[in-house]
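Asker: The following block contains the structure, expressed as structure tokens.
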Amino acid sequence: MPKSCKLNLFQQTMAFWEEVHPYNAGQVVHLRGRADVALLQAAVQAACQLSGVGRLVLDREKVHYHYEPVESVELREIQSAGPVMETLCRVITEELNTLFPDEPHHPVRWLVLDDPKTESHFLVAIYQHLAADYFSMRLLMRRVLNRYCHTTLPEEEEPLQVLAPAYSRVMRHHYRRIGYLKTLVRLAQDFLRLRYVHRIRGLGNESERSRSFIFQAPEGFIGRLAAGCRSRQVTVNDAFLAALFGAIAEITSPYRRHGRRRGLALATAVDVRDEASESLSSCFGLYLGQIVIVVDKPDGADFAQLLIRTAQQMRREKAEKRFIGPQWNLLIVAVLRRWFSVKVARDRSRKAYPLSAGLSNVRLDAAWFRGAGDRILDYIRISPTGPALPLIFTPTTYGDRLNLSITYRESSFTEAEIRKLVDLFFDKLDLIVARGHTASCGYV
């Protein structure tokens, strides 16, 4: 019988959420030229088989897993019935809301969408998030693309490490350095602070269904934004977070004029692979942390001050690195799941963590994909909502292009509110960009 690994606490939380709703993520690569579907399907199958990413087998309790060899991997061809980006968003939304099966299965659904008008095509990978983080999927995607483009390197013929090292083992030195008791006390302080932040309202709909959109910033916008951030001694990620704070503050202001919940809380995902005690560069697994930023009484109109407050908190969090310490919050979720029903555990988790939104920001370029980079026009990521996140912004910078995917729970926001949020988000970022260059965002 194959050796198995234990899911880490983050993965177990994802498995818990899947009892209510799928927890899928996605990556999309826009490629130059018309699609060669047969060649692409062969590349997907060979890359997955050689890498060892075959059939994912979870035990009955969804605590342990291993992989079995896979005989074939399907690539589904999507036909566009209208504008290609609208078709892409519709397909992504459908796939995000579709569970992977309980029985052994390949944890990625591969799709291709051809665009004759632009002589290009899209490779879409929707993956079960508990199986992999975005870096893992990039590793697998790079192997697929290099095989498809006939630029495979010798090391890409070797398997990935699909039975990944235990998270708690490779991060234990940080647990000791940061301190178990100290982080537990800080968690209690965070819980108290979160009692005074706004809770995103529901829309009278108990459905957990989510929806996804993709927006594209104007050409060159990310370069001007980065220059503006450097002049203010903040990061682009700081700017994204502050702009999201400001946008949400404006659309929620009618609901926060009274009462004690006048703050806002946002979460941002952190790749923690570089913090491990051993190299995880070839591991197909999940190594993510989370930083929660709370701003009391955010003023969407005073963006300069909001940016300063956000950047200060992020600097402090990065210096302390609590996000790689003991994961007490996830342990609490695991305990709740054992004691209560899924609904009760979910509701208590949301009450303890009333987050308004999340942000997952990544920058990369063609060189990362090696030989295949010459054919890549753009790269898009899609993040899922979860038990505590009604909304997540996923900005991805590829070279000099910035796109923004948004996933939101339909029970928490309307499409009109989301489009308003995006307008406000880019309006805030425009205040950093050089005067005279505005971000008229392309809607999909």
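Asker: With just the Cα atoms of the chain, tell me how far they stretch along each of the three principal axes, in Å, largest first.
Answerer: Rounded to whole Å, the extents work out to 59, 54, 42 Å.
Asker: Multiply the residue gap between Leu431 and Thr98 by 0.36 nm, knock off their C-alpha separation, and tell me the result in nm, one decimal place.
Answerer: Working: separation 333, 0.36 × 333 = 119.88 nm, distance 3.92 nm.
This chain segment gains 116.0 nm when fully extended.
Asker: Quick one: which of 316-327, 12-23, 126-137 comes out on top by average Cβ neighbours within 10 Å, and what's the full order, highest first? The partial results should precede the final answer.
Answerer: Numbers: 316-327: 17.8, 12-23: 20.4, 126-137: 24.3.
The most tightly packed comes first, giving 126-137, 12-23, 316-327.
Asker: Further question: Under 28 Å between alpha carbons, and skipping anything fewer than 8 positions from Lys297 in its own chain: which lysines qualify?
Answerer: Lys182, Lys318, Lys321, Lys351, Lys420, Lys428
Asker: Taking the solvent-accessible surface of protein heavy atoms with a 1.4 Å probe, what is the per residue accessible area of the chain in Å²?
Answerer: Values: 18970 Å² over 444 residues.
On a per-residue basis, the chain sits at 43 Å².
Asker: With the contact rule set at Cα under 8 Å and sequence spacing of 6 or more, what percent relative contact order holds for the stretch 50-199?
Answerer: After rounding, I find 24 percent.
Asker: Let me ask something else. Report the Stokes-Einstein translational diffusion coefficient (µm² s⁻¹, integer) for the stretch 39-151, Rh taken as the Kirkwood radius over Cα pairs, at 37 °C with viscosity 0.692 mPa s.
Answerer: My calculation gives 218 µm²/s for D.
Asker: Over its Cα atoms, what ratio of radius of gyration to 2.2 N^0.38 Å does the stretch 121-198 give?
Answerer: Working: Rg = 20.0 Å, N = 78, 2.2 N^0.38 = 11.5 Å.
Normalised Cα radius of gyration, the stretch 121-198: 1.74.
Asker: Could you name the lysines whose alpha carbon sits less than 21 Å from that of Lys62, not counting residues in the same chain fewer than 8 places away?
Answerer: Lys3, Lys6, Lys343
Asker: How far apart, in nm, are the 7 Å Cα→Cβ label points at Glu157 and Tyr175?
Answerer: 4.0
Asker: Which whole-number percent gives the relative contact order of the chain, counting Cα pairs below 8 Å spaced six or more residues apart?
Answerer: RCO, the chain: 23 percent.
Asker: Still on this structure, please answer the following. Just to be sure I understand the curve: with the Debye formula and one point per C-alpha of the stretch 1-57, what is log10 I(q)/I(0) at q = 0.25 Å⁻¹?
Answerer: -1.11
Asker: Then there's this: Based on the mean of other Cβ atoms within 10 Å per residue, sort peptides 382-391, 159-168 so the most packed one is first.
Answerer: Taking the mean over residues of other Cβ atoms within 10 Å, the ranking is 382-391, 159-168.
Asker: Where the accessible area of the chain is counted over protein heavy atoms with a 1.4 Å probe, how much of it, in %, is carbon and sulfur?
Answerer: 52
Asker: Give, as a single signed number, the net charge of other residues whose beta carbon lies under 15 Å from the beta carbon of Ala132, with Lys and Arg counted +1 and Asp and Glu -1.
Answerer: For residues surrounding Ala132, the net value is +4.
Asker: Going by accessible area, probe 1.4 Å, with all protein chains left in place, what is the ranking of Glu417, Glu86, largest first?
Answerer: On the way: Glu417 35, Glu86 105 Å².
Of Glu417, Glu86, the descending order of accessible area is Glu86, Glu417.
Asker: While we're here: Quick one: net charge around Glu219, please, counting Lys, Arg +1 and Asp, Glu -1 for every other residue with C-beta under 9 Å from its C-beta.
Answerer: Neighbour charge sum, excluding Glu219 itself: 0.
The values are calculated or read from the model by the stated rules, or taken from the named source; none is laboratory data. Since this is a predicted model, take the numbers as computed values, not measurements. Using ideal geometry, Cβ is built from the backbone for each residue, glycine included, and neighbour counts are taken over all protein chains shown. Ligands, DNA and RNA are excluded from the accessible area calculation, which covers all protein heavy atoms including side chains. Shrake-Rupley method; radii C 1.70, N 1.55, O 1.52, S 1.80 Å.
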